[in-house]
Every structure is written in structure tokens, then in C-alpha cells.
Amino acid sequence: MAAISKSMKKMIAFIVVMAIILFVLVVASPFYILVEGNQAVITRFGSIVATRMDAGLYLKIPVIDQVTVYPKLVLSLDGDPQRIPTKENQFIIVDTTSRWKIVDPVKFYQNFTTLNNAYNRLSDIVDSSTRTVITQNRLSEIVRSSNIINEMDFEEAAPEDEDTKDIAELVNGATESEAVSKGRRELSRQMTENANRLVHQYGIDLLDILPRQIKYSDELTESVYSRMIKERNQVAQAYRSNGEGKKAEWLGKLENKKQTISSEAYKRAEEIRGVADAEAARIYAEAYNKDAEFYAFWKSMESYKKTLKNNNATYSTSMDYFDYLYSSDGKR
């Protein structure tokens, strides 16, 4: 019995030792794996004792050492929409997105410990930098990146169309926008630069801040619509004015052409009339020379026909003019 009891005690001791070893290997393993794309900070009793930047299998003191893993990849941060006034005191709603990465895990751990804490602090810094830059610049600088609208040459589209050129000159005065000296890309760079002055101390590199969406506030939307309507009305008026000018020009040309045609026609008619009168005079002369008495009679009849048809009464017939009308024989 004593021998059996001693053997069982050894067996139990062996099982206990194996259980302890298994517990250390499974529950409190001295090994940990750092996968690709991650980095780690190892702390012992709250103090940083090491960092791991490369993937691999590493050793730690079980229970005592704590491994905090952070990503080395580029992370994104979507900001909340902000209502921000521009330099002209026009309110817009700006929604940004940012890209950042952890470049110094020691500083990052000392300042934030967790990613959630970093997100909260970084969001405040990005919002502050965005607000600072936008309030110092005009609306046109924020919503546009270049002066391509102002630099477009309308005449190049239709160089042979003189009417289009005239309209372009009128329209350009109504549609020309404010010149952009910086533009949205430059403002994004300034936002990033301002924010990086603060986040570098936290072991963070902020790659960029980009306005994901820019919306007009309600009161500014109404103002923008009114301005757009005004500009479109100016463009429409430019077309109407150009059309009225062209109409007046063509009516003037039409009237001049009409006067020229009438003048030429009158000149031609007078020439024909002159030739006809000369021919008639010649014929009359020939007729008179052949029978002077008949010629006098015929001319008198033509005269009576013209002068007496509207006369209701004649007070005297003793004039030579009526010789052919009242003479008994129809002669003088």
C-alpha cells in the first residue's frame, strides 16, 4: 500500500506540473505574434520597456508584460459637419475627411494609449484647423481650385462667328467670377500643415485634410440662388441686347436697300417718261402738221373731258375755249 501510495503521489505531482506548464503555455504564454502591418509597445508595470516594428514571433514575461498593438497602415478620420463663416461672413457647412498614421508608437502610447482616445483628440485638432483656414479666406477660394472659368477663351470655340464674339463680350462682363489666388487645394495643404504642428508631438503624421463636402447654409443658399438668377438674367439681357442691335442693323440695311431700289426705279421711270414724252411730242407734232384743224379739235375734246366732268355749272360760253363745244357746226 505504501508503494502504491508513493507511486500515485508521483503521478499526481507529474499531472500538476504538466497542468502548470500547459497553463503557462496556453493562458500565460511567453510568446506573442506580431502580424504584418502592425507595431507594438511592450509595457511592464506601466512603463514602456520595448517596441516592436517588424512582424514576427516575440518573447515576453507572462502576466507581467503587456503588449499593445497599433496599426502601421494609413488610417482615415471622417469629421463631423461644421457650420463655419467665410471671410465675407457667409456661413457654409464643411465636412472633412483626413488620412493619418502612427509614426512613433511610444509617443502615441504615452499620449493616448488607445485608438479611440486618439480619434477624439485628432478630430478636435482637424476641426480647429479647418475652421481657422476657412474663416480667413473668401468663399470662392474654398469652393474652387483654379481660374479656369475666367481663363476660358470663348472666341476659340467659334473664331469665324462675329455675332458669337459680340455676344461673348457682353456675356463675359456678367459671368466673370472672382479671381482665385489660392484655391481649395492650397487651403487643404494649409489645414494639414497647421494640424501637423500639433499632432507631431503625439507621434502622428497627418497626411492630408480634404473637404469631403461643402454645402451652403440655408440663408446663403437663398443668396446664391438670387445671384445665379441675376447673372442668368444679365446673360439673357446680353443676348437680347445683341439681338436688338442686330435687328436694328438689318432694318437699317433693309431701309437703305429699299431707298436705293426706289431711287433707281424713280430714276429709270423718269428716263422712260422723258423718252415717252419726247416720242408723244413728236407724234403730236407730226399729227398737227398733217391736219392742224383736227389736231386743235382733238386737244379741245381732251381738255373738256378733264375740266368739265366735275363742273356742275358754266356761267359763260362766250370764251374761245368753248368754240368747239357750243358752236352750231362744231367749228370755230
Checklist entry - Which lysines, on any chain, are close to residue 306 with Cα under 27 Å apart, when same-chain ones fewer than 8 places away are left out? => result 290, 331
Item to check | Relative contact order %, the range 1-130, counting alpha carbon pairs below 8 Å whose residues are six or more apart | outcome: 18
Checklist entry - How would you rank 85-93, 200-208, 270-278, highest first, on the average number of other Cβ atoms within 10 Å across their residues? => result 200-208, 85-93, 270-278
Item to check | Across 87/230; 87/182; 87/215; 230/253; 267/305; 267/309, pairs whose alpha-carbon gap is larger than 25 Å | outcome: 230/253; 267/305; 267/309
Checklist entry - What is the spin-label model distance, in nm, from residue 217 to residue 53 if the labels are put 7 Å beyond Cα along the C-beta direction? => result 4.7
Next on the checklist: Tell me the net charge near residue 33. Cut-off is 14 Å between Cβ atoms, residue 33 excluded, with +1 for each Lys or Arg and -1 for each Asp or Glu.
Outcome noted: 0
Checklist entry - Computed FRET efficiency, Cβ-Cβ of residue 278 and residue 249, R0 41 Å: what is it to the nearest 0.05? => result 0.40
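Could you rank the peptides 53-64, 183-194 by their average count of other C-beta atoms within 10 Å per residue, with the highest value first?
Put in order of decreasing packing, that is 183-194, 53-64.
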Checklist outcome for this item: Per residue, accessible area of the range 13-143 with a 1.4 Å probe, heavy atoms of protein chains only, in Å², comes to 55
Item to check | Mean Cα-pair separation over length for the range 22-81, i.e. relative contact order, pairs under 8 Å, 6 or more apart, % | outcome: 37
Item to check | Nearby lysines by direct alpha-carbon distance to residue 107 (threshold 22 angstrom, same-chain neighbours under 8 apart not counted) | outcome: 60, 72
Checklist outcome for this item: By the C-alpha gyration tensor axes a ≥ b ≥ c (rounded if a/c is under 1.5, else prolate when a/b exceeds b/c, else oblate), the shape of the range 3-111 is prolate
Checklist entry - Between residue 106 and residue 43, what is the spin-label point distance in nm, taking each point 7 Å from the Cα along the Cα→C-beta axis? => result 1.6
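The values are calculated or read from the model by the stated rules, or taken from the named source; none is laboratory data. Just so it is clear, the model here is predicted, and its values are computed rather than measured. Don't worry about glycine lacking a Cβ; one is built from the backbone with ideal geometry, like all the others, and counts go over all protein chains shown. Surface areas here come from the heavy atoms of the whole protein model, side chains and all, with no ligands, DNA or RNA. Shrake-Rupley method; radii C 1.70, N 1.55, O 1.52, S 1.80 Å.
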